[in-house]
1. Whole number please: convex hull volume per residue of the Cα set in segment 250-313, in Å³?
2. Extension gain LYS369-SER260, at 0.36 nm per residue separation less the Cα-Cα distance, in nm?
3. Given that compact globular proteins tend to follow 2.2 N^0.38 Å, what is the ratio of the alpha-carbon Rg of segment 59-126 to that value?
4. Which peptide among 127-136, 488-497 comes first, and what is the full order, when sorted by highest mean count of other Cβ atoms within 10 Å?
5. Mind running the shape call on segment 460-547? Use the C-alpha gyration tensor, a ≥ b ≥ c as the square roots of the eigenvalues: rounded below 1.5 for a/c, prolate if a/b tops b/c, oblate otherwise.
6. Name the shape class, rounded, prolate or oblate, that the alpha-carbon gyration tensor gives for segment 218-295, where a ≥ b ≥ c are the square roots of its eigenvalues, rounded holds for a/c under 1.5, and otherwise prolate holds if a/b is larger than b/c and oblate otherwise.
7. Applying the Karplus parametrisation 6.51 cos²θ - 1.76 cosθ + 1.60 with θ = phi - 60° to the phi angles of segment 506-511, what ³J(HN,Hα) value in whole Hz is obtained for each residue in order, glycine and proline being reported as x?
8. What distance in nm separates the simple spin-label points at THR212 and THR563, each placed 7 Å from Cα in the Cβ direction?
Amino acid sequence: MTRSKIANNYLAKFIGILLTISFFIYGVFPISYATGVGRVTWRSITESNSSVGFTPTTLVGTLNNSATTMTVNSSVNYPSPPFIVTIGSVGTEAIDVTAISGTTWTITRGYAGTTALSYSSSANISGPVSAQVQFVPSTPASSIQAIVVDFCTDSPIYNASTCVAPTGMTIGASGASGLAISSVSGISTSLFTTNVANNSSRDDFISSNTGTGYTPSSPTTLGAAITSTSATAITVSSSSAYPAAVNANPNTWFYVNIPSTGETIQVTNVSGTTWTVVRGALGTTAATASNGASLSQPPISFTVYGVMNPTSSGALYARIYTYNNYSTASTFASTSPLTSSTYSTSASANIDAGGVALEIVSPLSISFKVQEYLQFCIYTASGTSTGCNLTGSSVTLGNSSGVLSISNAYVDSSTRFDVATNASGDVAITFTGIPPNNGNIYVESSGVSGTGIAAATAYASSVGHNQFGLCATAAGALYQASGYTSTNLSFPNSTYSGGGNCPTVQVASATYAGSATFGFNIDQIGSVYGDLLAVQQPGTGSTGLISFLGNIAPSTPSGSYTTSLYFTATGTY
C-alpha cells in the first residue's frame, strides 16, 4: 500500500466513511473531524485492477437479456476475470465477466440481484471497477432523500469553492444516466431507485428516489459489558442491520462508535451477535462500557459497478454528502460545486458531509521469464539417484558371456531413461537405428527367420527364430529417480508398449518366458525423426525402463553382433 502525507483540518460531520474502489494502489489519509472521529479508506474489493488511462471497449452486435457470451471490440487492458462491467447509457445491470477468449467474453447476467437487459450494437462498455461506499453519519438522519459522491483532484474539503474533475474518469458506461447499484445495507434499497452519474461534466453520482425519504436502520446496543480495554470480541444485542464483516481478502469490515465512551471500534468479523473488533480505532482510546450501551447507527453501504480510472496518476479526492431534500441534491449537477455559503444544516440543504484524500499511483510492473527446460538421459547402471545422475551406455544380451541360445529367449531390462520438462506441448522420445549385425548378417525383427518387419507390428517372443526388438514402460516405483513418478509418462505407440506387459523391474540379461510383446520397425532406419517410443508431459519428471529381446535360429551364422540405437527427446514449447 502506498502511504502519503496527513491531511488535517478538513471539516466533516461523518462519524465514519468507507469508500472502496477496486482499482487503486491507494494512499490512506486520516482526517480530523469537527464533530466526530472518522476515516475514509479506499481498498480493493474485487481484485479487478485496471490500467490508468485505457480506452474502454464497445459491444459488437446486439445482446439480449439471456445471452451468456458477448463480443467486444477490444479486450486490451481489461484485467483477468472475474470483473464487473455495465453497458450502455442506462447501465443498471451489473454483468459479471468470468472468462475472456480474444474478444469473446463469457458472462453471468444480472449480477448481485440486478436485472438483465438487452443492448444494441456499439453500446459503450464501462470500466471494470466496483466502488463500495460506506459511511456512518454523526447526525442520525430521520429521512435521507439523496446521497451524492463527488470526485475531485484539488481538495477533499466538502465546502471547497472549486472541484476539478479527474480527467478520463467516468461512472458507468461513458457517462451513464443510470447506474448498477447493489449490496445495499443500513437503509432501504428503495432509496436507490434513481441513480444519475457524470452530471454536467462532473465526475459524480447521485442516488435517490426523487423526493421520497428513508430512515437509516436503527442502532444496536451492547449485549454484554466491555470489561477490558484489550478485549478483541464484543457482544451486541442484534447484528441484523449491520454489514456481514469478514476479515479476508478483500476485507469487508466497518466502523462503529460507542457514544458514551467516545471509542471508535473497527469490526473485522460478525458471527451472530459476536463481533471481532480492533479497539481504539482512528486515534480514539479504548474504554470499558456498560451492558446496554448504545452504538452508533449501522453504516449505510452500497456498491456501484462500472467505474473507469482517471487517465493519469495523482491525487484524487471524494466528497460524500447526504440530503433530506432531493431538489437541493439535484442542483449538485451544476458545474459549480457547493461553497461555504451554500453549505448549511437547514432542512433545505445537506445533512452531513465528509471527504477522503488518496493518491493514485502508477502501477508497479513486475515481469520475468521462464527458460525452456528439458532433461533427458539414458543409462544402464543400477541403483537410484536424482535425475540423470547415473551412467552406463552398453547392453549385453544373452548369458553371462553374452551368448544367445536357440533354446531360450533372453531379455535385458537394465536400460532406464530419465526425462523432465516444462514444455507445454510435451516431449516426444524417439529412436533410430538398425538391427544387430556382424557386418552383412542381421538378426532382424521378425518371428520368422530372415524377414524384417516394417511398420508398427509388435510380436511375442518365439524361441528358435531370429528376433530382436524392444519394449518400454514406466519404471516401477523402486526404480524411479528420486522425486520422480510415472504420472506424466505415457507410451502411445503400440509397437513398443509391450502389450501392457513390458517389465517394470530393472534386471540384467536373463532367460525370458514372459508375455510382453516387442517391436523393431525397420522403416525407421534412415529416417530423420525415428520411431516414437514415449511421451512426457510437463511437470514432475519420470523414469522409463526399456527391455530388449534376443532370439536366434539354428541357422543363424556365428559371430559377434552389435548395433547402436540413438534416442532423442524433443520438446514443443
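1. Values: hull volume 9.0 nm³, N = 64.
Value for segment 250-313: 140 Å³ per residue.
2. Contour length minus the Cα-Cα distance gives 33.4 nm.
3. Working it through for segment 59-126, the quotient is 0.97.
4. By packing density, highest mean first, the sequence is 127-136, 488-497.
5. oblate
6. Oblate shape, in that a/c is at least 1.5 and b/c is the bigger or equal ratio.
7. In residue order, the calculated couplings are 6, 9, 5, 3, 8, 4 Hz.
8. Here the answer is 8.8 nm between the modelled labels.
Each value in this text was obtained by applying a stated rule to the coordinates, not by laboratory testing. The structure presented is a predicted model; accordingly, all values stated were derived computationally and were not measured. Neighbour counts are summed over all protein chains in view; Cβ atoms, including those assigned to glycine, are modelled from backbone coordinates with ideal geometry.
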